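The values are calculated or read from the model by the stated rules, or taken from the named source; none is laboratory data. Computed from a predicted model, the values in this text were never measured in an experiment. Every residue, glycine as well, gets a Cβ built from its backbone with ideal geometry; the counts of neighbours run over all protein chains shown. Remember, those area values only see protein heavy atoms, side chains included, never the ligands or the DNA or RNA. Shrake-Rupley method; radii C 1.70, N 1.55, O 1.52, S 1.80 Å.
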Amino acid sequence: MTTSLNELETQLVALKEEATKAIAPADTLEQLEQLRVSYLGKKGQLSQVLRGMGKLSPEDRPRIGALANEVKEALQEKLEQKRQDLQKAQIEAQLAAETLDVTMPGVYHPQGRIHPVNSIIDRALDIFVGLGYTVATGTEMETDYYNFEALNFLPDHPARDMQDTMYLPDGNLLRTHTSTVQIHYMEENDPPIRIVAPGRCYRRDTVDATHAAVFHQIELLAVDEGLTFTDLKGTLKEFVQAMFGEELPIRFRASYFPFTEPSAEVDVQWKGEWLEVLGCGMVDPNVIKSVGYDPEVYTGFAAGLGVERFAMKMYEIDDIRRLYSSDLRFLRQF
Ligand code: DAH
């Protein structure tokens, strides 16, 4: 009996040693689980050793039982410790792999800008929409009728000359101003009318620092019963103030346009300088008549603004050609 007791004790101590040695180098959680099953599992080595307990005398059993428990607990503790170590290492490895390297060069996302021409158009439209105007558009290709005749240009008016207008081979032309939209809109709508019409225009101008063959205008038209020059003045004053962000001295200079009578040019005093900002006037009764309205009932006012000129003044651009050079160093400034 004593030999058997000693044998079991030796086996248990050997088992503990062996298991301890096996657990130490385990480097995955799966390996660790395999070790647990093989030493402490139901059919594991500890159970096998304990099977020998049956041969022991009842007095010896508690001693072996106590030793077996001690071995079991010691191994469980080692397994648990190892499990924690492995888990910690696993998390650390994962964190290291997922770490952001903040010193890496960033990815460049080119950012667009609003072109100065569009920015002026957007601002002007916002202001007029705020005053109750509707945005209207027309086409860039036009007939002589909409560009000239309906706007009261006499047949021999110099602006019709080939020098100024780009004619197309089919006899149509590229509109020289946005005043064309006045006629189209009035033909299709009844008064009262309040529209603002931005758009591209074309002229056979020699291109230089202040002239472009392709440019933009914003047209304004109001037609109603009883509109007077005072309404025009008030509207334009409001516009200029909103556009420049402050109340500026403003003056109306008598001028001439075929489609307005009287006509004026508007100057604004800005940074100590008088700037000509737009042309305007009361819609000529001939224009009112040409769209079939009764000039005895309806009066109107109109205005036209050169967008590029405005942009050049407001953003202090010295050469109109820069606006179309597609030079990003220039465009990124706005
Ligand atoms: N159409 C004119 C031009 O191109 C600008 C203009 C002047 C428009 C007076 C108007 C206006 O509506 O009333 O030079």
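So the values come out like this:
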item: Flagged links, alpha-carbon separation over 21 Å, of K16/K88; K42/K88; K21/K55; K21/K78; result: K16/K88; K42/K88; K21/K55
item: Cβ-based net charge around G292, under 12 Å, with every Lys or Arg adding one and every Asp or Glu removing one; result: -3
item: Cα-Cα pairs of segment 2-98 separated by more than 24 Å (percent); result: 32
item: For segment 2-98, accessible area per residue (1.4 Å probe, heavy atoms of protein chains only), Å²; result: 68
item: Pairwise FRET efficiency - T10 versus K43, Cβ, R0 = 22 Å, nearest 0.05; result: 0.50
item: Sulfur and carbon atoms: percent of accessible area, the chain [1.4 Å]; result: 52
item: For segment 74-151 and segment 275-308, distance of Cα centres in Å; result: 44
item: Inter-label distance, nm, simple model (7 Å from Cα along the C-beta direction), T230/E18; result: 11.5
item: Pairwise label distance in nanometres, S119 with K55, each label 7 Å out on the Cα-Cβ vector; result: 9.8
item: Within segment 2-98: Cβ-based charge dipole about Cα centre, in debye rounded to nearest 20 (Lys, Arg +1; Asp, Glu -1); result: 400
item: Proximal aspartates and glutamates to K313, defined as alpha-carbon separation beneath 12 angstrom and excluding residues fewer than eight positions away on the same chain; result: E273, E276
item: Nearest-ten-degree value, helix 229-244 long axis tilted from longest Cα axis of the chain; result: 30
item: Part-to-part distance (alpha-carbon centres) for segment 178-224 and segment 36-62, which is given in Å; result: 102
item: Heavy atoms of S4 accessible to a 1.4 Å probe, total area in Å² rounded to 10; result: 30
item: Environment charge at E276 (Cβ cut-off 9 Å; Lys +1, Arg +1, Asp -1, Glu -1); result: 0
item: Whether segment 40-93 is rounded, prolate or oblate, judged on the alpha carbon gyration tensor where a/c under 1.5 counts as rounded; result: prolate
item: Protection-proxy order for peptides 249-262, 139-152, each taking the mean of Cβ atoms within 10 Å per residue, highest first; result: 139-152, 249-262
item: Global form of segment 116-331, assessed from the alpha-carbon gyration tensor, a/c cut-off 1.5; result: oblate
item: Local electrostatic count, L67, Cβ distance below 13 Å [Lys/Arg +1, Asp/Glu -1]; result: -1
item: Accessible solvent surface per residue of segment 116-331, calculated while the other protein chains remain in place, 1.4 angstrom probe, Å²; result: 48
